[in-house]
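Visitor: Below: one structure in structure tokens.
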Amino acid sequence: MVDTPLPLGFVDAGAGDALAAQREIAARMERLPLVRTQIKARIIVGAATFFDGYDSIMLGLVMPVLVGAWHLTNTETGLLLSGTFFGQLMGALLFPYLAERLGRLRAASYSVWVVGLFALACAASWNFATILVSRIIQGIGIGGEIPVAATYINELACAKVRGRFFLMYEAAFAFGYLIATLLGVLLISRFGWQVMFLIGALPAFVAAIMRRTLPESPRWLASKGRKAEADAIVSSMEREAEAKLGTALPPVEISIAPPPKSRRTDLRELFSAAYRTRTMVVWSVWGFSFFVTQALNAWLPTIYRQELHLSVQQSLELTLAGHCFTIISAITVALLIDRTGRRPWIGCALLVGSLSMLFLAFNGGRDPVVLLIFATICNACLGTVSVSIYVYTAELYPTRMRALGTGMGSTVRNIFTTSSPTLVALALNNFGLPGVFAMLGLAPLVPAFMVLAFGTETTHRVLEEVSP
């Protein structure tokens, strides 16, 4: 294909020009340096994702208190923890659908409202049933925001720094884990478990800011034929770039293959010849990696308290220590993944996480220090997978189905995470801690093989080239 320079304001009419507009918008965005609009989006949407991390882990932190106060059994504990993930499953199905039709930003803001408002409902709960219902509904918001926000941030980034740009945003989720655990250590014993949910209501303010200050994804607008709106947003970003560089941007050169003729998004396309292998690879990572991380995050405080007989405060402090290292790993992957590539990092991290859990299965996991060390290794390694899979999945599908592809990955994740707390309870009742850790150690071996054997490398490739 001959690279043809186009004027900056290229907007035409007609069906053929709609496809040309998508190519032009993508090419214009790919030549931009990091500009203020992108940084602002990463901060504001990152704030919403921070609270998603906070709200995701919060129930696990207060669970040692609820188990004692409401006399919950292991089975009830597992069901309550699974309820959150069941809600996330429904949210991952609903909100990506809305994102394809209403826009990335609008769908993301609706989901954040749900997270904030139902945190208040959780704080007002008085027994197992009421908090279960509140957490399921809150989970719908959490499960919806994560894939839609990931799609939005991916579509604002350019190929050469997309991994770092996105993962520095996604690190906000890990910071949510850390700050939630820190606040749990400082507040739960003094003010009660309800205070954690009251803090978790703050995303409602973030949702209001999000809709008023951020632009819609230009790639999505162009894919919907809204060329003038997409052009206006990209033109604004180009002015920011020229002000930053102190010089005019070079002419646009379109070397991106034209996307297929616009058509309605169809779930069956995930299993077409072009995307079938990609779908199976990323679904294996989504399912098995989150199965392990969410089981650990949900159950570790209770295991420290109920199985190792530590105090609530000691249980939360050990959990906090582990999350400190998870933050370091999240920043590390953000800085390095554009150099190492997606496939090697994800595959090797899954293998190391598996080995650390299998060691605990062999050891028994009864020593709090040994448990802390190897659970932290596993969480740190699989935590890098948990953030990387968002950028990797979004890179593997075209704009017309990017939110759908990411949302279905999140759906698979939530099917696995809905079952993992309950399966941990069953394994704990029947096989003790070694059985729990054996189950969690075997799970990552499946996606490790799939990624290393069949994964598509996407590093430094333009989105429209990876996924036509």
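The values are calculated or read from the model by the stated rules, or taken from the named source; none is laboratory data. Quantities reported herein were computed from a predicted structural model and do not represent experimental measurements. All Cβ positions, glycine included, derive from the backbone under ideal geometry; neighbour counts span all protein chains shown.
Visitor: Return a yes/no flag: does segment 247-255 have any residue that is surrounded by fewer than 18 Cβ atoms within 10 Å (Cβ to Cβ) and either aliphatic (A, V, I, L, M) or under 30 Å from A321 (Cβ atoms) (or both).
Guide: yes
Visitor: Among all residue pairs at least 6 apart or on different chains, which show Cβ distances below 8 Å where the first residue, located in segment 25-47, is basic (K, R) and the second is modelled with pLDDT under 90 and outside any helix (DSSP H, G or I)?
Guide: Here the result reads R28/L8; R28/V252; R31/C158; R31/L249; R31/P250; R31/V252, each pair linking segment 25-47 to a residue that is modelled with pLDDT under 90 and outside any helix (DSSP H, G or I).
Visitor: Starting from segment 328-343, keep only residues that are of a type outside the set (A, V, I, L, M), then list their pairs with residues that are assigned to a helix (DSSP H, G or I) whose Cβ atoms are within a distance under 6 Å, requiring at least 6 positions of separation or different chains.
Guide: Listed pairs, sorted by first residue: S329/A380; S329/G383; S329/T384; D338/G163; D338/R164; R342/Y392; R343/V451.
Visitor: Pull up segment 364-395, narrow it to residues that are crowded, with 24+ Cβ neighbours inside 10 Å and polar (S, T, N, Q), then point me to the one that is farthest from the chain's Cα centre (by Cα).
Guide: Applying the filter and picking the extreme gives N379.
Visitor: Can you tell me which residue is modelled with the highest pLDDT among those in segment 242-266 that are farther than 20 Å from T456 by Cβ and among the hydrophobic types (A, V, I, L, M, F, W, C)?
Guide: Selected residue: A243.
Visitor: Tell me which residues, restricted to segment 309-327, are touching a residue at least 60 places away in the same chain (Cβ under 8 Å) and out of contact with any Ser or Thr (no Cβ under 8 Å at 6 or more places or on another chain).
Guide: E317, C324, I327, listed by residue number.
Visitor: What residue, among those in segment 163-196 that are touching a residue at least 12 places away in the same chain (Cβ under 8 Å) and among the aromatic types (F, W, Y), is surrounded by the fewest Cβ atoms within 10 Å (Cβ to Cβ)?
Guide: Within segment 163-196, the match that is surrounded by the fewest Cβ atoms within 10 Å (Cβ to Cβ) is F175.
Visitor: Another question about this same structure. Please go through segment 312-327 and pick out each residue that is closer than 22 Å to F374 by Cβ and either modelled with pLDDT of 90 or more or over 17 Å from the mean Cα position of the chain (by Cα) (or both).
Guide: Here is the first cut: in segment 312-327, the ones closer than 22 Å to F374 by Cβ are 314-327.
Q314, S315, L316, E317, L318, T319, L320, A321, G322, C324, F325, listed by residue number.
Visitor: Still on this model: Got at least one residue in segment 285-292 being at pLDDT 90 or above and surrounded by fewer than 23 Cβ atoms within 10 Å (Cβ to Cβ)? First the steps, then the outcome.
Guide: Here is the first cut: in segment 285-292, the residues at pLDDT 90 or above are 285-292.
Imposing the further condition that a residue be surrounded by fewer than 23 Cβ atoms within 10 Å (Cβ to Cβ) reduces the set to 287.
Yes, because at least one residue in segment 285-292 is at pLDDT 90 or above and surrounded by fewer than 23 Cβ atoms within 10 Å (Cβ to Cβ).
Visitor: Determine, yes or no, whether L66 is modelled with pLDDT of 90 or more and closer than 29 Å to A172 by Cα.
Guide: Considered against the rule, which asks whether it is modelled with pLDDT of 90 or more and closer than 29 Å to A172 by Cα, L66 comes out as yes.
Visitor: Please pick out the residue among R164, R212, R190 that is among the basic types (K, R) and under 25 Å from I327 (Cα atoms). Before the answer, list the steps.
Guide: Working: R212 fails: under 25 Å from I327 (Cα atoms); R190 fails: under 25 Å from I327 (Cα atoms).
The conditions single out R164.
Visitor: Would you please list the contacts, defined by Cβ atoms under 6 Å and residues six or more apart or on different chains, that run from a residue in segment 76-93 that is modelled with pLDDT of 85 or more to a residue that is surrounded by 24 or more Cβ atoms within 10 Å (Cβ to Cβ) and of a type in the set (K, R)?
Guide: G83/R135
Visitor: Kindly indicate the residue of segment 94-140 that is surrounded by fewer than 24 Cβ atoms within 10 Å (Cβ to Cβ) and aromatic (F, W, Y) and also modelled with the lowest pLDDT among those meeting that condition.
Guide: Only one residue fits best here, namely Y97.
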